[in-house]
Amino acid sequence: MKVLVFVALLGFASIFCQSNPERVITVEQLKQRLSAGDSNLIVLDVRTPDELKGELGEIKDAINIPLQVLEEKLATLENVKDKEIAVVCRSGARSARATSILVNAGFKAKNVSGGMLEYNRK
């Protein structure tokens, strides 16, 4: 039952974030801002540490806080609360949920559309 509720919440968060353009950043936009050295942008990867070692790799200088512990680790992000946070995961579902958590906590967060799968395609 808990799994079904979690999946439903992920689906809702994904739909909310994808339907709200203010809460989405494309891979192209992310890469442009990273290559320009945008100091107002922080990348938060919500995958597990094991996933970062996998075939999709990781984004240089990204902060890693897995979705499973994000709510209890929000205080570690207080020093970047004035910056925009691009939230990424494998495909965009977990990062959509993480984006909702961050926005509800007062952060300026956007979901990276398509996640690391899309990031590695471009």
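Derivation of every value follows stated rules applied to the coordinates shown; laboratory data play no part. Just so it is clear, the model here is predicted, and its values are computed rather than measured. Cβ placement follows ideal geometry from the backbone for every residue including glycine, while neighbour counts extend to all protein chains displayed.
Full-extension gain between N104 and E72, please, as 0.36 nm times their residue separation minus the C-alpha to C-alpha distance.
The span from N104 to E72 would gain 10.1 nm if fully extended.
To the nearest 20 debye, what is the magnitude of the charge dipole of region 48-122 about its Cα centre, counting +1 on the Cβ of each Lys and Arg and -1 on the Cβ of each Asp and Glu?
Computed about the Cα centre, the dipole is about 240 debye.
Starting from the coordinates of the alpha-carbon atoms of region 19-92, obtain the Kirkwood hydrodynamic radius over all distinct pairs and give the value in Å to one decimal.
13.2
Between Q32 and K53, take the C-beta separation as r, use R0 = 30 Å, and let me know the FRET efficiency to the nearest 0.05.
Efficiency computed from Cβ-Cβ geometry: 0.65.
List the pairs from K60/K110; K53/K83; K53/K108 whose alpha-carbon separation is above 25 Å, in the order I gave them.
Beyond 25 Å: K53/K83; K53/K108.
Would you mind counting up the charge near R23? Only other residues with Cβ under 13 Å from its Cβ, with Lys and Arg at +1 and Asp and Glu at -1.
+1
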